[in-house]
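What follows is a short report on a single structure.
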Amino acid sequence: AKSKGKSAYQRFSPEMKENSHERIQIESRLRRALELDELQLYYQPIVEAKTGRVVGTEALIRWNNPAMGIVSPDKFIPLAEETGLIIPIGNWVLQTACRDMKRWQEETGIDFLVAVNVSPRQFRDASFVRTVLDALKTNELEPKHLELEITERLILDDSIETSDILRTLDKHGVRLSVDDFGTGYSALGYLKSYPFDTLKIDKSFVQDVINEAEDAALVTAIITMAHSLGLEVIAEGVEEQEQLVFLREHNCDCAQGYLFSKPVTASEFKLWLTENHKR
Ligand code: C2E
Ligand code: CA
Ligand code: CA
Ligand code: CA
């Protein structure tokens, strides 16, 4: 039978031993990833649904390790959170994203923003606000060109601190978005009390929007609700033209997904930008 959690009495199976050994190895590699320059940001465009005009780009981290190849964030961000390594990694992400964005602004003159994912542990760190403002200042980037993506999971803990941090960032003009909307099982009340600008509909809803009436109903309802609260809506994981058409017809503001581009390196993104920019 499958037991919940790991009791202290449970014996290690060879497989578990291997897993924990592997874990320790990955952890020590991750510790050195920053100094060895193995982390890299990929970028995925966010476009206006009606026109296809680029309005933003989401920074998505990758770990390029000689022994393991390109490791996806789902494989190491949880570990980085548990070990606290997410703090230096998160700082690096903010600095790098702001630097890349500043360069694109200067080189192309196109007005769009960079969206950066923030994990709960990072957000709760006492120096988080300073880190964000620092990244903007160091790179001379205007706050309106930076959007922070915060998951519903984080908002679930609606402490005074969470609310204060969001308000402070909002006052500075940084944009705030709710990521993975619909997956957090949270109450909706926070949407009216927190200063969010954008709501990102999770890709699990977008995936079946054409074939499943329930998903279509949910997506439509989310868009209507978000708009009545003054929030912009981005649909994630748009892969097919039919999905885009549905989203357009239901007044979804923006879309992101493989239909437009998969996440690509900074230089590939710059190329995409110049080729796909509409005046
Ligand atoms: P997310 O923020 O929900 O990011 C969207 C994920 O969906 C990305 O996976 C992206 O590559 C993928 N995606 C984009 N378009 C499509 C599509 O059309 N279809 C499908 N099926 N998937 C699509 P990725 O890059 O593997 O990132 C996974 C998660 O890792 C992210 O989910 C985010 O929560 C986290 N993450 C990524 N970068 C960072 C970071 O710099 N810091 C933190 N704290 N977390 C990050
Ligand atoms: Ca995100
Ligand atoms: Ca705002
Ligand atoms: Ca998401």
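The values are calculated or read from the model by the stated rules, or taken from the named source; none is laboratory data. In this text the structure is predicted, and so the values were computed from the model without any measurement. All Cβ positions, even for glycine, are placed from backbone atoms using ideal geometry, and neighbour counts span all protein chains on display. Surface accessibility is based on the protein's heavy atoms, side chains included, excluding ligands, DNA and RNA. Shrake-Rupley method; radii C 1.70, N 1.55, O 1.52, S 1.80 Å.
Table for the structure above
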quantity	calculated
Value of relative contact order over the range 112-249, rounded to a whole percent, pairs C-alpha under 8 Å and six or more apart	19
³J(HN,Hα) computed for each position of the range 79-95 - Karplus, 6.51 cos²θ - 1.76 cosθ + 1.60, integer Hz, glycine/proline x	5, 4, 5, 4, 8, x, 4, 4, 5, x, 5, x, 4, 4, 4, 4, 4
Cα Rg, Dmax, the range 30-99, angstrom units	14.1, 44
Accessible-area ranking of GLU27, GLU152, largest first, probe 1.4 Å	GLU27, GLU152
The chain - share of DSSP beta bridges that are antiparallel (%, nearest 5)	40
Distant alpha-carbon pairs in the range 177-271 (separation over 20 angstrom), percent	36
Where the Cα pairs of the range 60-211 fall when distances are cut into 5 Å bins, in %	2, 8, 17, 20, 20, 16, 10, 5, 1, 0
FRET efficiency for ARG23 and TYR258, using Cβ-Cβ distance with R0 set to 25 Å, rounded to 0.05	0.20
Per-peptide average of other Cβ atoms within 10 Å, ordering 190-203, 100-113 highest first	190-203, 100-113
Efficiency of FRET between ASP170 and LYS75 - r from beta-carbon atoms, R0 35 angstrom, step 0.05	0.60
Whole-number percent relative contact order across the chain, with pairs defined as alpha carbons under 8 Å at least 6 apart	19
Equivalent-ellipsoid semi-axes of the chain, from the Cα gyration tensor, Å, largest first	30, 24, 21
Cα-based shape type of the range 139-212, given that a ≥ b ≥ c are square roots of the gyration tensor eigenvalues and the cut on a/c is 1.5	oblate
Residue-span extension gain [GLU142 to SER193] - 0.36 nm each, minus C-alpha spacing	15.8 nm
